[in-house]
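Read-outs: derived from the displayed coordinates by stated rules, not from any lab. A quick note: this is a predicted structure, and the numbers were derived from the prediction, not measured. As a convention, Cβ positions derive from the backbone with ideal geometry for all residues, glycine included, and neighbour counts pool all protein chains shown.
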Amino acid sequence: MLEKLNVFLQKYIAILTPLSLIVGVFLESIGHHLLFLVSWLFAFMTFSGSLHMKFKDVKIFMKHPILILFSILFLHLLMPLWAYFLSTVLFDDHLLTVGFVLAVALPTGVTSVIWINICKGNLPLGLSIMFINCGP
């Protein structure tokens, strides 16, 4: 049953995502009481997505160091610079510029793992980038 639900969700993700955003906006008065669950749900999704990994998958650090370093550089230098440039060209508001830069720089970790699972990507590589990215 869970496999059927997963196939359905993956098939209609392009429709369900904007629909969920619209429902979330309209039901904000109810949803803000459940805000504390967000980090727990993302942690659960990351954990459940990584359950089928093996210990030997940790070697991914040694196999793809350039790709991992490029990803970190892309996420924390190129994307924020692009957001800064685009927001300063389109808007004349410093707060919007700061918001755009933060919006591209921060939420890449867990969302990436969700998309890696949906697209059947290289989960060990994605998790290693995420854990390096979210490190101390």
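Counting beta carbons within 10 Å around each of Met1, Met45 and listing the fewest first gives the order Met1, Met45.
In this label model, Ile15 and Phe42 are separated by 2.8 nm, measuring between points 7 Å along each Cα→Cβ vector.
Report the full-extension gain for the segment Val23 to Asp92: residue separation times 0.36 nm, less the Cα-Cα distance, to one decimal in nm. Working shown, then result.
On the way: separation 69, 0.36 × 69 = 24.84 nm, distance 3.04 nm.
Full extension of this stretch gives 21.8 nm more.
Put simply, when 68-75, 92-99, 111-118 are sorted by average Cβ atoms within 10 angstrom per residue, most first, you get 111-118, 68-75, 92-99.
Using a cut-off of 28 Å between Cα atoms, the listed pairs Lys4/Lys54; Lys11/Lys59; Lys4/Lys63 include Lys11/Lys59; Lys4/Lys63 as exceeding that distance.
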